[in-house]
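What follows is a single structure, written as structure tokens, with notes after it.
The values are calculated or read from the model by the stated rules, or taken from the named source; none is laboratory data. Remember, predicted model here, so these are calculated numbers, not experimental data. Ideal geometry is used to build each Cβ from the backbone, glycine not excepted, and the neighbour counts take in all protein chains shown. When the accessible area is computed, the model is the full protein with side chains, heavy atoms only, and any ligands, DNA or RNA have been set aside. Shrake-Rupley method; radii C 1.70, N 1.55, O 1.52, S 1.80 Å.
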Amino acid sequence: MRAAVFHPAAPAEFEAAVARYEAERAGLGALFSSHVQKSVQRTVNAPLTGAPFTVPDVRRLFVSRFPYSVVYLIESE
């Protein structure tokens, strides 16, 4: 079964971005969160969806509507 495993710093970075967007406009943090979650799910369901990144075996998928991307490494199970 495929699953996303996050870098230890990722949850805090994500929560800070959600709070920043929510402070900017009510509901914007939730919208950002939803788009990030959809991007993460895409990488889990179709790992080759993201474009190759600067480091071998690392890929990047841009988050729609926001200036963020999900950077990930595909590992065998």
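Structure notes:
- For Phe53, the amide hydrogen comes within under 5 Å of the amide hydrogens of Val58, Arg59, Arg60, counting only partners 5 or more places away or on other chains and with H modelled in the peptide plane.
- For the chain, a crude dipole built from +1 on the beta carbon of Lys and Arg and -1 on the beta carbon of Asp and Glu, taken about the Cα centre, is about 300 debye to the nearest 20.
- Across the accessible surface of the chain, with the other protein chains kept in place and a 1.4 Å probe, carbon and sulfur atoms take up 59 percent.
- When the alpha-carbon atoms of the chain are used, the pair Rg, Dmax equals 13.1, 41 angstrom.
- Residue of Arg59, Arg42, Arg25 that the Gaussian network model of the chain assigns the largest fluctuation, springs spanning Cα pairs under 10 Å: Arg25
- Derived scalar couplings between HN and Hα for region 52-57 equal x, 9, 6, 9, x, 6 Hz in order, rounded to whole Hz, by the Karplus curve 6.51 cos²θ - 1.76 cosθ + 1.60 (θ = phi - 60°), x for Gly and Pro.
- Residues of the chain: accessible area per residue with a 1.4 Å probe, Å²: 73
- Selected from Ser76, Ala19, Leu31, residue furthest toward positive end of dipole (the chain; charges at beta carbon): Leu31
- Nearest 10 degrees, 0 to 90: helix 10-24 Cα axis against the chain principal axis: 30
- Angle in degrees between helix 28-45 and the longest Cα principal axis of the chain, rounded to the nearest 10: 10
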